[in-house]
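Before any comments, here is the structure.
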Amino acid sequence: MNKRNTQQRRHLIVSQLQQQGELSVEQLAEQFNTSEVTIRKDLTVLEQAGLLLRRYGGAVPVPQDFVSDSSLEKVSKRKLAIAKAAAGLIKDHYRIIIDSGRTTAALLPELATKRGLVVMTNSLAIANALRELENEPTLLMTGGTWDPQSEAFQGQLAEQMLRNYDFDQLFIGADGIDLTRGTTTYNELYSLSRVMAEVAREVIVMLESDKLGRKIHNLELPWAMVKVLITDEGLAAADAAQIEQQGVKVIRVAG
């Protein structure tokens, strides 16, 4: 299917939703002369991007009290800008890992134009969203023990599964940044992150600049394991330069 047509259809869905307030899958399938399965995939991708909310049999607009909250809107824009920059690093037929997290999840709609991807994840939410993409990447799950705090699978079984493969890239978030040490996390279960980094040729960290300076004692990934940090322009140039001295490429996006 022509990806340009897909993007045009999705743009029209969002526009019509803003005008009409609610749309059904059946109505959209008839209008665009496509299957209901395709429309459901469209709605899933658009919901992941924060452009609508799924409802049984259709979709509704995002509530105005959410949209009008300037801080939430700003966060959403930053995440999407970071995700777009991250997607620009992915080539067709790459084998990638996507760790659990809201910022990494923002990457998923950007994968719709990539061909032949193999994607490993430890997140059920990310796995389900990947299944809705029209290009249908090959999906691998780590398995393991469910951790309610990270909402992802962790543990030795997950680590063992990862070690059976090798990957081109890992996309991972963080709870904080330590300018001298690396990325930090509140979660005590961070050994899986290290294994993910070990089996990937490139480690790309995706996070918003407001996580700088959080005093978190758990070091998740030392800078020596990170190749690229993608964040927003809220990260000061001096701080970015200090991170780059650790051998990390820093990409700051407008958002």
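The values are calculated or read from the model by the stated rules, or taken from the named source; none is laboratory data. Values in this document were obtained by computation on a predicted structure and should not be read as measured data. Virtual Cβ from ideal backbone geometry, glycine too; neighbours counted across all protein chains shown. We work out accessible area using only protein heavy atoms, side chains counted, and drop any ligands, DNA or RNA first. Shrake-Rupley method; radii C 1.70, N 1.55, O 1.52, S 1.80 Å.
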State yes or no: is Ala158 out of contact with any helix residue (DSSP H, G or I) (no Cβ under 7 Å at 6 or more places or on another chain) and aliphatic (A, V, I, L, M)?
no
Quick one: Ile98 ticks every box in (1) of a type in the set (A, V, I, L, M); (2) in contact (Cβ under 8 Å) with a residue 60 or more places away in the chain; (3) closer than 26 Å to Gln8 by Cβ; (4) buried (at least 19 other Cβ atoms within 10 Å of the Cβ) except a single one, so which number is it?
(3)
Within the range 158-177, identify whether any single residue is farther than 27 Å from Thr231 by Cβ, in contact (Cβ under 8 Å) with a residue 12 or more places away in the chain and touching a Phe, Trp or Tyr at 6+ places or on another chain (Cβ under 8 Å), and answer yes or no.
no
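Which ones in the range 241-250 are open to solvent by 40 Å² or more (accessible area, probe 1.4 Å) and not in a loop (DSSP other than H, G, I, E, B)?
Step one: list which residues in the range 241-250 are open to solvent by 40 Å² or more (accessible area, probe 1.4 Å), which gives 241-242, 244-247, 249.
Of everything in the range 241-250, those that are open to solvent by 40 Å² or more (accessible area, probe 1.4 Å) and not in a loop (DSSP other than H, G, I, E, B) turn out to be Ala241, Gln242, Glu244, Lys249.
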Which condition does Thr104 not pass, out of (1) among the hydroxyl-bearing types (Ser, Thr, Tyr); (2) closer than 10 Å to Met206 by Cβ; (3) open to solvent by 10 Å² or more (accessible area, probe 1.4 Å), if it passes all the others?
(3)
Buried (at least 16 other Cβ atoms within 10 Å of the Cβ) and either modelled with pLDDT of 90 or more or within 13 Å of the chain's Cα centre (by Cα) (or both): which single residue out of Leu133, Leu80 fits that description?
Leu80
Subset of the range 30-55 (residues that are closer than 16 Å to Ser15 by Cα and among the aliphatic types (A, V, I, L, M))
Ile39, Leu43, Val45, Leu46, Ala49, Leu51, Leu52, Leu53
Check whether at least one residue in the range 183-197 is polar (S, T, N, Q), modelled with pLDDT under 95 and out of contact with any Asp or Glu (no Cβ under 8 Å at 6 or more places or on another chain), and report yes or no.
no
Identify, please: which residue in the range 17-34 is out of contact with any helix residue (DSSP H, G or I) (no Cβ under 6 Å at 6 or more places or on another chain) and modelled with pLDDT of 90 or more and is, among those, surrounded by the fewest Cβ atoms within 10 Å (Cβ to Cβ)?
Asn33
Restricting attention to the range 140-156, does a residue exist that is modelled with pLDDT under 95, among the small types (Gly, Ala, Ser) and surrounded by 22 or more Cβ atoms within 10 Å (Cβ to Cβ)?
yes
